[in-house]
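To start, the structure itself, in structure tokens.
Read the figures in this text as sums done on the coordinates, not as results from a lab. Everything numeric here is computed off the predicted structure, so don't read it as measured data. Glycine also receives a Cβ, built like all others from the backbone with ideal geometry; neighbour counts cover every protein chain displayed.
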């Protein structure tokens, strides 16, 4: 991480203090972004024989099909894959909503306080 005055030695002390406070205030947002990028939604179907993982981008990150699932037949296996992926997407959405609520609530409270002043 850079310090507030890297590359700008002309900044006065007040500006350096302001920038340091800003960096400290925004660090929780950076941590929230890192956490959001790291989560994975997980879902399964066909009694756990099909497992899917969804990335924060919404893309399918992984798909595991137990060899026993091949006995389901093509249509049932396709449905199981879609169900597992759908469950994984719902899991991801739930996790993200919780993280955003927890991570942004302090900032929303500060905005409300600022707007009342």
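Sorted ascending by nearby beta carbons within 10 Å, beginning with the fewest, 22, 107 become 22, 107.
Spin-label model, residue 94 to residue 109: label points 7 Å out along the Cα-to-beta-carbon direction sit 2.6 nm apart. Inverting the pair-averaged 1/r between distinct Cα atoms of the chain gives 17.6 Å as its Kirkwood hydrodynamic radius.
Our summary gives the chain a relative contact order of 25 percent, counting only alpha carbon pairs under 8 angstrom and 6 or more residues apart. Can you tell me which of 23, 49, 33 moves the most in a GNM of the chain? Springs connect C-alpha atoms under 10 Å apart. Judging by the Gaussian network model, the answer is 23.
For the chain, a Gaussian network of Cα nodes joined below 10 Å ranks 44, 79, 53 by mean-square fluctuation, and the top entry is 79.
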